[in-house]
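The values are calculated or read from the model by the stated rules, or taken from the named source; none is laboratory data. Just so you know, these numbers come straight off a predicted model, no measurement behind them. Heads up, the Cβs are rebuilt from the backbone with ideal geometry, glycines too, and the neighbour counts pull from every protein chain shown.
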Amino acid sequence: MSLQETRAELEKQLGQQIHLSDWTEVSQKRIDEFAAVTGDRQWIHTDPERAARDSPWRSTIAHGYLTLALYPALRGFGDGGVPVAGVRALVNYGINRLRFIQPVRAGARVRGRTRLIAVEEVAGALQMTEEFTIEIEGERKPACVAEVLARLFF
């Protein structure tokens, strides 16, 4: 598909949900690995015994940025795939707005829900703006809501 054809197809989906991931577990092991990579070893994330005793959640919780870092996998880009036929490369361009609404407890399952809110041509590419929500299984409030920008190159 050409850039113009892709834009026309995407514009038909404005305001609609365009992706819903499967549930995935945020294990203590995953939290510990993220702590090791980032150097953020705050007890609220890495000390289950202390968290059970002293945390308002009575459990360790995932780092907010770990929750956000699940975006590629939850969005369906984790295997290197792109969402649209004819696209050679997809590049994260940034985030306009980001809120961590509720923490993700160790062992909880999350999924990503994506709604397309804008598509425009920029510098020979298409830019998609998506509302990306990370939901926590069994919880009323989401973990995270972000307005994510991605550029599609043809």
>> Just the residues that are closer than 12 Å to ARG105 by Cα and assigned to a loop (DSSP other than H, G, I, E, B), please, taken from region 23-49.
In response: VAL26, SER27
> Looking only at region 7-51, which residues are among the β-branched types (Val, Ile, Thr) and surrounded by 15 or more Cβ atoms within 10 Å (Cβ to Cβ)?
Replying inline: ILE18, THR24, VAL26, ILE31, ILE44, THR46
>> Suppose we filter region 85-101 for residues that are more than 14 Å from the chain's Cα centre (by Cα) and surrounded by 16 or more Cβ atoms within 10 Å (Cβ to Cβ); how many remain?
In response: 2
>> Suppose the filter is part of a strand (DSSP E or B) and either within 21 Å of ILE136 (Cβ to Cβ) or more than 16 Å from the chain's Cα centre (by Cα) (or both); does HIS19 pass it?
In response: yes
>> Can you find, within region 52-64, the residue that is nearest to ARG105 (Cα to Cα) among those that are surrounded by 14 or more Cβ atoms within 10 Å (Cβ to Cβ) and in contact with a strand residue (DSSP E or B) (Cβ under 9 Å, 6 or more places away or on another chain)?
In response: ILE61
> Here are some residues: THR46, THR60. Which one is under 23 Å from PRO142 (Cα atoms) and free of Cβ contacts under 8 Å to residues at least 40 places away in the same chain?
Replying inline: THR46
> How many residues, within region 21-63, are acidic (Asp, Glu) and in contact with a Ser or Thr (Cβ under 8 Å, 6 or more places away or on another chain)?
Replying inline: 2
> When you look at GLY78, is it surrounded by fewer than 18 Cβ atoms within 10 Å (Cβ to Cβ), at pLDDT below 95, in contact with a helix residue (DSSP H, G or I) (Cβ under 6 Å, 6 or more places away or on another chain) and small (Gly, Ala, Ser), yes or no?
Replying inline: yes
>> Could you tell me how many of the residues in region 128-154 are within 14 Å of LEU20 (Cβ to Cβ) and of a type outside the set (Val, Ile, Thr)?
In response: 6
